[in-house]
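Enquirer: This structure is in structure tokens; I'll ask about it shortly.
No value in this document is a laboratory result; all are computed from the given coordinates. Bear in mind that the values here come from a model prediction, so they are computed numbers and not experimental data. Cβ placement follows ideal geometry from the backbone for every residue including glycine, while neighbour counts extend to all protein chains displayed.
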Amino acid sequence: MRRPFDPSLYLVTDTALCRPRPVADVVRAAVAGGVTTVQVRDKTASRRELLALTRAVQAALADRPDVALWVNDAVDVALLAGADGVHLGQDDLPPAEVRALLGPGRLLGFSVSSAAELDVARALPAGTVDLVGIGPVWSTPTKPDAGAALGPDGVGALADTACAGGFTTVAIGGIDADRAGEVAATGVDGVCVVSAICAAADPEEAARALRESIGAAR
């Protein structure tokens, strides 16, 4: 039985943007401010470093069992750490094979930036993918290799199709507190941010402002 999770405000960590603060400290503060789920991402870390980082974030979330923890890309790290889920990009391992490794109890996310990429997820056996991350909404320096910006209208169209396919949806890319409400109004289940929290002087207050913007739009 897969655990329920709240995608309302989805934080993807960025180790460089968090410095000099430990990622775990930023996560702890962000969750206090209203982050509802966390993905550990560090493209430059070794697998050993990523495992240590994931465990440090787990420890920061020890008193928040309601906040699901995902690992970006690294299925082996997620399994070793006992994380709640894994999030895959288009160039990562095939979702169906990852689901076989994860078993039925963990969450699986999948990034899409077009109708064709969403069709890949829709063609998989039911229950393979739980969540689709739609983006980028706007261009963002935290992921310069992302596709062309979809804009709110493009996100809304993909979210409608994804919802009809039974997927939970979050949107990512260039979102801050000023834009979060506009994104929430597209119909996605959640708003996903990186720099809006990781680079903030006060991650707790940044998360709170994002939640207020999302709430006002709904």
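Enquirer: Counting other beta carbons within 10 Å of each Cβ, put 97, 212, 204 in order, fewest first.
Expert: So the ranking, lowest neighbour count to highest, is 97, 212, 204.
Enquirer: Order of 2, 28, 21 from fewest to most other C-beta atoms within 10 Å?
Expert: Ascending Cβ contact count within 10 Å gives the list 21, 2, 28.
Enquirer: Is the C-alpha gyration tensor of the stretch 9-217 telling us rounded, prolate or oblate? Criteria: a/c under 1.5 is rounded; beyond that, a/b larger than b/c is prolate, otherwise oblate.
Expert: Here the stretch 9-217 falls in the oblate category.
Enquirer: Still on this model: Specify the inter-centroid distance of the stretch 147-218 and the stretch 76-106, based on alpha-carbon positions, in whole Å.
Expert: 24
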